[in-house]
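Worksheet: one structure, shown below.
The values are calculated or read from the model by the stated rules, or taken from the named source; none is laboratory data. Since we're looking at a predicted model, the values are computed, not measured. Methodologically, a virtual Cβ is constructed for each residue, glycine included, from the backbone with ideal geometry; neighbour enumeration extends over all protein chains shown. Side chains included, ligands, DNA and RNA excluded: accessible areas come from the protein's heavy atoms. Shrake-Rupley method; radii C 1.70, N 1.55, O 1.52, S 1.80 Å.
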Amino acid sequence: MQEPKGLLITGANKGLGLEFVQQYSVKKYQVYCCCRDLKRCDALLKIARRFPFVKVFQVDVTNEEQLAGLADELKDKPIDIIINNAGIYGPRDAHIGAEPISAASMLEVFNTNAVAPLKVTEAFIPNLCLGKDRKVVAISSEMGSISGNSSGGSPAYRASKAALNAIMKTMALDLGGELGIKVLMLHPGWVKTDMGTDAAPLSPEESVSGMITVIDNFDGSKNGQFLSYKGEELPW
């Protein structure tokens, strides 16, 4: 019997993360799920009870000690795909000059959205090297596009996603050669989630289904690409 492919996903307890778990579990992946608080993971734990290949871990991706603990627990486990999905928005509808934006809130968003995906990936490079696909995916946003910014606002979120894109592009160059690790940034679209709000036109099911197709088809020939959930290349 062929061993299932391994998937590590952060922010797995709701929204896009939960939908990724749902769709990959149906595909019979060995899914390692990270969430900050097991007390807020009822839907995720329900999936884990249904699918024996789904494992849930309480991990704060900004906590390097907890990441190291999980890496030690999953030592020697092949991981084919890492999906860095955990993220926060920060001050919503903030505009520079309209009101002060605290450095603390900027750094919190930056740490979660940009630094944490780097630390997660670093922690599990040995596991990726044991996998066959060797793919690292970051859930970015078109709001991280500098040339695409025509409306302003939300500086913390925009800056964090632009930084994430820069880090992931560098990761593609640093890890894509000898290690053969493929790096991809994805814009999920405007999705009906807590972050996207009910005004969004796209369902999590449609967004994630599209992103999984893009991930499946990504061969790394253009390593470090920034694509939409439809596979369209996005501007930096």
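What to note about this one:
- Interchain or long-range residues, amide H under 5 Å from Asn84's placed H: Val137, Ala138, Ile139
- Cα centre as origin, Lys/Arg/Asp/Glu Cβ charges: the chain dipole, Debye: 500
- Of all DSSP beta bridges in the chain, antiparallel share, percent nearest 5: 5
- Neighbours of Leu16, meaning other residues whose beta-carbon lies under 14 angstrom from its beta-carbon, give a summed charge of -2 when Lys and Arg score +1 and Asp and Glu score -1.
- Solvent-accessible surface of the chain, taken per residue with a 1.4 Å probe and all protein chains present: 50 Å².
- Computed about its Cα centre, the charge dipole of segment 77-131 is approximately 160 debye, with only Lys, Arg, Asp and Glu carrying charge at their Cβ.
- Whichever lysines have a C-alpha closer than 19 Å to that of Lys169, once near sequence neighbours (fewer than 8 apart) are set aside: Lys119, Lys135, Lys161, Lys182, Lys222
- Positive-end residue of Ile79, Gly153, Pro100, charge dipole of segment 75-198 with Cβ unit charges: Ile79
- Qualifying GluC sites (Glu not before Pro) for segment 201-236 [loop in DSSP, other Cβ within 10 Å: at most 13]: Glu232
- Our estimate of slack between Glu65 and Ser105, defined as 0.36 nm per intervening residue step minus the Cα-Cα distance, is 12.2 nm.
- Neighbour net charge for Asn149 - beta-carbon separation under 12 angstrom, K R +1, D E -1: +1
- Heavy-atom accessible surface of the chain: percent carbon and sulfur, 1.4 Å: 52
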